[in-house]
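Report on the following structure.
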Amino acid sequence: MKTLIKVNNLKKSFFTQAGELRVLKGIDLSVQSGEMIAIVGASGVGKSTFLHILGTLDRPTEGNVLLDDIDLFSLPERELSKVRNRHIGFVFQFHYLLPEFTALENILMPVIIYRNQGSEIETLYNRAISLMKELDIYERKDHRPGELSGGEQQRVAVARALILEPKIVLADEPTGNLDTVTGEELFKLLVNINRNKGTTFVIVTHNISLAQRCTRILRMIDGRLFEERS
Ligand code: ADP
Ligand code: MG
């Protein structure tokens, strides 16, 4: 397997009126292509902060993140946002779908932002359709988010994260807003995508039984990551 992501001595502090809040205190991590990693840990420990930095939505105070040997935070902002849009997929606890657009349009949104042109559009459209079938939302293609159940909305968000075939998908408590059964179903779909397509995932979850289905579990304690099961 090939190393996709390398995190070196990553630190993050927030500077607030109350002073410096040290959240991440030196994280080292290698993610191999095809892994499905679960990150667990107490609320407020820094899991989201870490995932945001992995996804380049925030910058570290110290340390670096390499994606395919590219030192992400040394890139100019324009290049960095290109990498983010093209190679990193996000699924959050709340779906953040655009209410005025249909399920299909929401899934194609990253394509519009990435400005794919010409013949590629057809490929991407066909991929959106096949993702919708795979995620069992094809029947909801022309529905707006408000007309979908919570589970369906989240599956649209998953399809949107996958549409450009990113190198990695980062998911922050993707089942956190769903009931147990719906959450299980969603997680099963993520596992299938990992197994069938080899998509690499890093998933923050509170649910240990879901985490058990990942290839590796890491626990965040006091700003550091520990191997819980590999
Ligand atoms: P988790 O996802 O593990 O619940 P977070 O990463 O959201 O934890 O937060 C870790 C800590 O950092 C918390 O104490 C939180 O209040 C603090 N924090 C997060 N974002 C900010 C911010 N932008 N400014 C100041 N403090 C923050
Ligand atoms: Mg969080």
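In the range 89-104, what residues are over 21 Å from Thr200 (Cβ atoms), open to solvent by less than 80 Å² (accessible area, probe 1.4 Å) and of a type outside the set (A, V, I, L, M)? Let's see the steps before the verdict.
We begin by selecting, within the range 89-104, every residue over 21 Å from Thr200 (Cβ atoms); these are 94-104.
Subset that is open to solvent by less than 80 Å² (accessible area, probe 1.4 Å): 95, 97-98, 102-104.
Correct list: His95, Thr102.
Only residues in the range 27-53 that are farther than 16 Å from Asp68 by Cα count as the first member; pair them with residues that are part of a helix (DSSP H, G or I) and within 14 Å of ligand 2 (Cβ to nearest atom), Cβ under 6 angstrom, at least 6 apart or cross-chain, and list the lot.
Within 6 Å, the pairs are Ile39/Lys47; Gly41/Lys47.
Taking the options Leu170, Leu124, name whichever one is modelled with pLDDT under 95 and either within 16 Å of ligand 2 (Cβ to nearest atom) or open to solvent by less than 60 Å² (accessible area, probe 1.4 Å) (or both). Steps first, please.
Values: Leu170 fails: modelled with pLDDT under 95.
Just a single option satisfies the conditions, and that option is Leu124.
Select from the range 163-177 the residues that are in contact with a strand residue (DSSP E or B) (Cβ under 6 Å, 6 or more places away or on another chain), away from ligand 1 (no atom under 16 Å from the Cβ) and among the aliphatic types (A, V, I, L, M) and list them in ascending order.
Ile168, Val169 - these are the residues of the range 163-177 that are in contact with a strand residue (DSSP E or B) (Cβ under 6 Å, 6 or more places away or on another chain), away from ligand 1 (no atom under 16 Å from the Cβ) and among the aliphatic types (A, V, I, L, M).
Filter the range 68-127 down to residues that are among the basic types (Lys, Arg) and closer than 23 Å to Asp172 by Cα, then give me how many there are. Walk me through it before giving the result.
Quick first cut of the range 68-127, residues among the basic types (Lys, Arg) only: 78, 82, 84, 86, 115, 127.
Narrowing the set further to residues that are closer than 23 Å to Asp172 by Cα leaves 82, 84, 86.
Here the count works out to 3.
Kindly indicate the residue of the range 195-213 that is more than 16 Å from ligand 2 (Cβ to nearest atom) and open to solvent by less than 10 Å² (accessible area, probe 1.4 Å) and also farthest from the chain's Cα centre (by Cα) among those meeting that condition.
Among residues in the range 195-213 that are more than 16 Å from ligand 2 (Cβ to nearest atom) and open to solvent by less than 10 Å² (accessible area, probe 1.4 Å), the one farthest from the chain's Cα centre (by Cα) is Thr200.
Return yes when Leu148 is at pLDDT below 95 and touching a Lys or Arg at 6+ places or on another chain (Cβ under 7 Å) and no when it is not.
Numbers: at pLDDT below 95: no; touching a Lys or Arg at 6+ places or on another chain (Cβ under 7 Å): yes.
No, not satisfied.
Among the residues of the range 130-153, is there at least one that is open to solvent by 60 Å² or more (accessible area, probe 1.4 Å) and either under 24 Å from Ser81 (Cα atoms) or within 18 Å of the chain's Cα centre (by Cα) (or both)?
No - not one qualifying residue is present in the range 130-153.
Any chance you could count how many residues in the range 184-194 are farther than 17 Å from Val169 by Cβ and either open to solvent by less than 90 Å² (accessible area, probe 1.4 Å) or within 15 Å of ligand 2 (Cβ to nearest atom) (or both)?
If we filter the range 184-194 for residues that are farther than 17 Å from Val169 by Cβ, which is where we start, we get 184-185.
So of that shortlist, the ones also either open to solvent by less than 90 Å² (accessible area, probe 1.4 Å) or within 15 Å of ligand 2 (Cβ to nearest atom) (or both) come out as 184.
Residues in the range 184-194 being farther than 17 Å from Val169 by Cβ and either open to solvent by less than 90 Å² (accessible area, probe 1.4 Å) or within 15 Å of ligand 2 (Cβ to nearest atom) (or both): 1 in total.
The values are calculated or read from the model by the stated rules, or taken from the named source; none is laboratory data. Small disclaimer: the values here were computed from a predicted structure and weren't measured. In this analysis, Cβ positions are derived from the backbone assuming ideal geometry, glycine residues included, and neighbour counts consider all displayed protein chains. When the accessible area is computed, the model is the full protein with side chains, heavy atoms only, and any ligands, DNA or RNA have been set aside. Shrake-Rupley method; radii C 1.70, N 1.55, O 1.52, S 1.80 Å.
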